[in-house]
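Presented below is the structure to which this report refers.
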Amino acid sequence: MNAIRTDSRTGVFAALRQTPRPVVYLLIGVLVNQLGAFVQTFLVLYLTHREFSVGQAGLALTAYSAGAVFGTMLGGELTHRLGPRSTIIAAMTGSAALLTVIPLLATPGRFAALLVAVGAAGLVTQSYRPAAALLLGDLMPEEHRVMGFSMMRIALNAGAALAPLIAAAVILIDWNLLLWLDAASALTYAVLALLLLPNVATVQDAPEPTPGERTGYGVILRDRRYHLFLASVLVGSIIYVQYTVALPLNITADGHSTGLYSAVLVTASVVLILCELKITSYVKHLRPPLVGAVGTAIMGLGVAGYSFAGHGAAPILLATVVFVLGVMINGPTMFAHPSTFPAPVKARYIGTHQATFGLGMALGPTLGVLAWERLGTGIWPLCGALGLFAAWCAYAGIRENHTANTSDGEASEKPDATRDIEVSDAESGTDASDAATGTAVSTVKSGTGA
């Protein structure tokens, strides 16, 4: 289904008013699921409470993180073949089942089985993300697509901010409730998807590609410009996670209380939730490569500002605000970019992007601790330099979509993926206008429900 075009009003309230009802349901599902997302945050504490060693708990967390990275790739493939609604239902139902089983396996004598269950939980739990991103990109009015991804990020961050508060109360009752509530939230999302989300079928690859034609992941492997975009995502996510890894180590080493780190987290969450939509309403009118580059550079420079952490709380909080400003500028545009590719490869582009982001988030803690042990506060200038590199990759890696009246000279500048799909369309005698614009060409089988 092509992204809907509406009138020219592009402010925050216009975007909210013009948000289709299925998108609202999708965002509610994302929020509900995130409110119960306890496993990755509390898995180590849960397993040590269940008398596992710290090493075993760390290995289980690694299994979950690895499963999550591969899960986004799996989600992209399932979304391509089954459609986003079916993928969300399958992923959330599978997640609920696995999370319910984990407490039954959480005894030291069943560690091998537990490790498999935890890894599988990471795999299926995160496989919904490409489906949600594709559905959002397809259903949101085209001029508000970036705003839609900003709304999704706010739903994710609001859930992430509230989940620890819920977990703190639940732990006082029973640690196992963490897993069961997580399962309940996933199952609730599956039911919402079944009853309220439209049944959108994505366009499949040509069943019999001609010799030399690029299809499937071969398109991504040959899309050098997209590789630069992915490099920016990987480096940027590694930088991003340092405010939750290296910063608390720095704060503790400088003799500050843990309350200061809590203030940093609260500041980041409040600023992001309150300001991101408004900032997105301005920057979405700018060229995507510029937005991605400037936001990434500001994010890196904000993290570099933690070099002044030894001078007190004020520089830390100021650096956090600058860091979050960069995230708010570049985040929605970077997450929306993969959804602008042609429908036959869109789900795989989205899955590859989210797998790269997840990989950075998984590698970031280990790399951050190693860098802190070797460089100390030198990690912050390094993050600043890496942020500038990631900004260059974002600028070089993001290419705006071209409209149907693009000149021949400009057409030669299109992303490799778009050119490949146009060639395929021309050979099959179909209309290539949708591929040229990079818009979705999915079809809706039914309004809502089965």
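Overview of results
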| read-out | value |
| --- | --- |
| Linear extension gain, Leu370 paired with Phe308, 0.36 nm per residue minus alpha-carbon span | 20.3 nm |
| Shape category assigned to the stretch 65-149 from the gyration tensor of Cα positions, a/c cut at 1.5 | prolate |
| For peptides 287-293, 263-269, sequence by mean Cβ density within 10 Å, most packed first | 287-293, 263-269 |
| Packing-based order for 361-368, 185-192, using average beta carbon neighbours within 10 Å, highest first | 185-192, 361-368 |
| Label-point separation, Ser269 to Leu165 (7 Å along Cα→Cβ), nm | 0.7 nm |
| Heavy-atom accessible area ranking, 1.4 Å probe, most first, across Lys284, Lys278 | Lys278, Lys284 |
| Gyration tensor (alpha-carbon) shape descriptor, the stretch 117-170, a/c threshold 1.5 | oblate |
| Probe 1.4 Å - accessible area at Glu77, Å² to nearest ten | 40 Å² |
| Most to least accessible of Arg17, Arg85 (protein chains only, probe 1.4 Å) | Arg17, Arg85 |
| Cα gyration tensor category, rounded, prolate or oblate, for the stretch 286-372 with a/c compared to 1.5 | oblate |
| Alpha carbon Rg of the stretch 152-204, scaled by the compact-globule rule 2.2 N^0.38 Å | 1.51 |
| Protection proxy ranking of 93-105, 230-242 - average other beta-carbon atoms within 10 Å, highest first | 230-242, 93-105 |
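The values are calculated or read from the model by the stated rules, or taken from the named source; none is laboratory data. Fair warning: this is a prediction, and the values are worked out from it, not measured in the lab. Backbone-built Cβ (ideal geometry, glycine too); neighbour counts: all protein chains shown. Keep in mind that these areas ignore ligands, DNA and RNA; they rest on the heavy atoms of the full protein, side chains included. Shrake-Rupley method; radii C 1.70, N 1.55, O 1.52, S 1.80 Å.
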